[in-house]
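Only one structure is covered here, and it is reproduced in the block below.
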Amino acid sequence: MSYIDRVIEEYKVKDADQPEFIQAVEEVINSVSVIFDKHPEYENMAILERLLEPERIIKFKVPWVDDNGKINVNRGYRIQYNSALGPYKGGIRFHPSVSESILKFLGFEQTFKNALTNLPMGGGKGGSDFNPMGKSDMEIMRFCQSFMTELYRHIGENVDVPAGDMGVGAREVGYFYGQYRRLTGTSERGVITGKGVGYGGSLIRTEATGYGIMYLTMEVLNKFNIDPKGKRIIVSGCGVVGTFAAKKAAELGMKIVGISDITGYVLDEDGFDVTFLDDMRSIKGKTLGDYVKDRGKGKFYENASIYDHDVSVDMVFPCATQNEINLERAKRLVKNGAYVMVEGANMPNTNEALSYFIEKDLIVVPGKAANAGGVATSGLEMTQNSIRLYWSKEKVDEKLQGIMKDIHNQCIATMKEYNLDEKNYVSAANIAGVQRVIDAMIAQGDY
Ligand code: 2IT
């Protein structure tokens, strides 16, 4: 049995209760087998095991008082995955599905994503099974404060720098930062990113993940001489990622024929009016369900997945959450004409779906390359905090574009070096990110 197969089998037994983590491991490791073919010495050095095992998992109790005076307890986690390239860096997710498995998959992916940005950031991820839906602002504040009361001793601008993820935005980051500041008596701005622009946040951080997806997509389309204008696209997810991806897509002339949020999806042959996304962000309680009434066009489908609907499409941008597209949905997308798949979310495709897209010769761009603009701009926020200066919107946007271009160049260089299929950005991104982390670990005698 090969080294890779042996280690994967071992982890399937050891972490049998962690399906998402095993899924991410199989996806990444199988696609970087050429590295291990080239470096047989890595087996004796236990490089794979050293990559797979998080440096540290912190698990803690988060007690909090709701508005009725009732005391609740949730589970909090911070996974400090790999610090070979810099302080642990990655978001905090609040969602009922949060578990060690989900956070390990996210932290593992984050490590290689951060490596691709070429900024000094290791990989980490954290979160809680707390469900923020329907909670009052004060409940959210008390929860964030309690979470930080445990977490603060484990983080720092040179140690571990959290940020937002699903369920955690600027409001939550503000409460986290405020509690950190009070507990430590410092003004250590760079301890967390995604802060409000008024107290240390970076311009463009909110838009960065979505914009970055489209900047990278433009590099890819350019390579294949595909004009974005008029292309029929689907964007799933109306969180901060999907929203700004959709807005940038519209700016680039793409036609959003379908878009979804947690309540359902809208199909609009005329092209979805992205100004409605501004309404959704500014008016509490507004969802896609109001689109038809408000804009007088399109059709809304409640409580159903856009990927179960037959709609002719050129490019697909899943920006919601993990495992949204399974094999059956992948087959439908291909049947309906999709030839570009750009992952906006982390691991939105099951491994079967991803393999199917590659087998069917789609251009496939993995999340760790496509959505890296978010964490990259977090890196730029850390830089601004360190130099105690703020950059203009234009400057941050220009740097973001430069980083996405560089990620594309790394993928192209890796495709050439290893003679890979030029539509397969999955292997290229995985190889480039994984090799950078391995090199740093070896150089630092990291064992
Ligand atoms: O998945 C991600 O890259 C994020 N949630 C952003 C992490 C960050 O540190 O900005």
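Quick notes on this structure:
- Flag not set for V220, criterion: surrounded by fewer than 24 Cβ atoms within 10 Å (Cβ to Cβ), within 16 Å of the ligand (Cβ to nearest atom), over 30 Å from K70 (Cα atoms) and not charged (D, E, K, R).
- In the stretch 370-395, the residues that are among the basic types (K, R) reach residues that are within 16 Å of the ligand (Cβ to nearest atom) and at pLDDT 95 or above with C-beta atoms within less than 6 angstrom, at least six apart or across chains, in these pairs: K393/L203; K393/I204.
- Some residue of the stretch 93-101 being more than 11 Å from the ligand (Cβ to nearest atom), within 24 Å of E26 (Cβ to Cβ), buried (at least 24 other Cβ atoms within 10 Å of the Cβ) and under 17 Å from the mean Cα position of the chain (by Cα): yes
Results for (1) out of contact with any strand residue (DSSP E or B) (no Cβ under 7 Å at 6 or more places or on another chain); (2) assigned to a loop (DSSP other than H, G, I, E, B), shown as yes or no for each residue.
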position	(1), (2)
L151	no, no
P162	no, no
Y175	yes, no
G194	no, yes
G210	yes, no
Y215	yes, no
N222	yes, no
N225	yes, yes
P228	yes, yes
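- Any hit, the stretch 30-38, residues being open to solvent by less than 30 Å² (accessible area, probe 1.4 Å), β-branched (V, I, T) and under 18 Å from Q322 (Cβ atoms): no
- The residue of the stretch 125-157 that is modelled with the lowest pLDDT, among those that are open to solvent by 40 Å² or more (accessible area, probe 1.4 Å) and either hydrophobic (A, V, I, L, M, F, W, C) or within 15 Å of the ligand (Cβ to nearest atom) (or both), is M133.
- Residues within the stretch 399-426 that are of a type in the set (S, T, N, Q) and either open to solvent by 80 Å² or more (accessible area, probe 1.4 Å) or in contact with a strand residue (DSSP E or B) (Cβ under 7 Å, 6 or more places away or on another chain) (or both), tallied: 4
- When the stretch 42-73 is filtered for residues that are surrounded by 19 or more Cβ atoms within 10 Å (Cβ to Cβ) and under 27 Å from the mean Cα position of the chain (by Cα), the ones remaining, listed by number, are I47, L48, L51, L52, P54, V62.
- Pairs, first among the hydroxyl-bearing types (S, T, Y) in the stretch 113-137, second part of a loop (DSSP other than H, G, I, E, B), C-beta under 9 Å, six or more apart: S128/H95; S128/V98; S128/G167; S136/D66; S136/D67
- Flag if E359 is closer than 30 Å to D137 by Cα, modelled with pLDDT of 95 or more and open to solvent by 30 Å² or more (accessible area, probe 1.4 Å): no
- Some residue of the stretch 367-376 being of a type in the set (K, R) and in contact with a strand residue (DSSP E or B) (Cβ under 7 Å, 6 or more places away or on another chain): no
- Lone unmet requirement of (1) more than 22 Å from G237 (Cβ to Cβ); (2) assigned to a strand (DSSP E or B) for N68: (2)
- L400 within 13 Å of the ligand (Cβ to nearest atom) and hydrophobic (A, V, I, L, M, F, W, C): yes
- Qualifying residue in the stretch 381-398 (condition: touching a Phe, Trp or Tyr at 6+ places or on another chain (Cβ under 9 Å), within 15 Å of N118 (Cα to Cα), open to solvent by less than 30 Å² (accessible area, probe 1.4 Å) and modelled with pLDDT of 95 or more): no
- Tally, over the stretch 231-263, of residues that are under 21 Å from L333 (Cβ atoms), in a helix (DSSP H, G or I) and in contact with a Leu (Cβ under 7 Å, 6 or more places away or on another chain): 1
- The residue list K247, K195, K229, K255 contains one member that is of a type in the set (D, E, K, R) and open to solvent by less than 40 Å² (accessible area, probe 1.4 Å), which is K195.
The values are calculated or read from the model by the stated rules, or taken from the named source; none is laboratory data. In this text the structure is predicted, and so the values were computed from the model without any measurement. Note that we place each Cβ from the backbone using ideal geometry, even for glycine, and neighbour counts take in every protein chain shown. We work out accessible area using only protein heavy atoms, side chains counted, and drop any ligands, DNA or RNA first. Shrake-Rupley method; radii C 1.70, N 1.55, O 1.52, S 1.80 Å.
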